[in-house]
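Since the structure comes first, as structure tokens, the remarks are kept for the end.
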Amino acid sequence: MRKLVWILSVLLVITVAGDSSFLAEFEYPKEKFEKCIDSIKDEDPADLRYISTNPLGPLVECHLLDNAYITCEEPVPLYGPGQTGQQPTNESYHDEGKCQRMGGYRAEDIEFTNVKCRVLPCIECRGSRTFRKLTPCIIYTGHYFLTTLLYSIFLGVVAVDRFCLGYSAMAVGKLMTLGGFGIWWIVDIFLLVLGVLGPADDSNWEPYY
């Protein structure tokens, strides 16, 4: 039975190879169906739609592209880093990529805003290449929790942890008193562990992945 199947397979291959009409040939279109946008200046602001007629192109909606294929603005604080102000009368600032409060370590504490995003050059997609995307109000500025905790434990007496987090004025006071005679030093360690003390610019701790 196996020999019969093998013989039929060989005959089928020979038949297909001998019959040239059986082969389906495809010739890629030589005409220029789409324009590759190399820079922002090449894009016409009046026509932000980029429709590709390439039969092999992935016609995905631009706003559904993965983050690897788009570039987005960073969310910015409404009143500046580490500053607070009056409660806004409306939340229209969320449509401008601004946040009333940055950071947060629990999902329910994180604020969201709509930042402006743009598709990277020469990435095919359908629809407007510039759009707004809902983004959490989180920024990273190079602060690592474990590094800061080690600073606080071993060098907290000379306020290295406070200097590292950006609290320069408080760090000078802590340094002059040698960690508040040891009390301030111990308190800052507990504040770091409990998540009360963080970077002065309201940024989050850098992830370790």
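Annotations for the structure displayed:
- Per-residue surface analysis assigns Ile183 an accessible area of about 120 Å², computed on protein heavy atoms at 1.4 Å probe radius.
- The eigenvalues of the Cα gyration tensor, multiplied by 5 and square-rooted, give the stretch 143-206 an equivalent ellipsoid with semi-axes of 18, 12, 9 Å from largest to smallest.
- More than 21 angstrom apart: percent of Cα pairs within the stretch 81-209: 53 percent
- Rounded accessible area of Val172 (nearest 10 Å², 1.4 Å probe): 70 Å²
The values are calculated or read from the model by the stated rules, or taken from the named source; none is laboratory data. Please read all numbers here as calculations on a predicted model, not as lab measurements. These area figures cover heavy atoms from the full protein model, side chains too; ligands, DNA and RNA do not enter into them. Shrake-Rupley method; radii C 1.70, N 1.55, O 1.52, S 1.80 Å.
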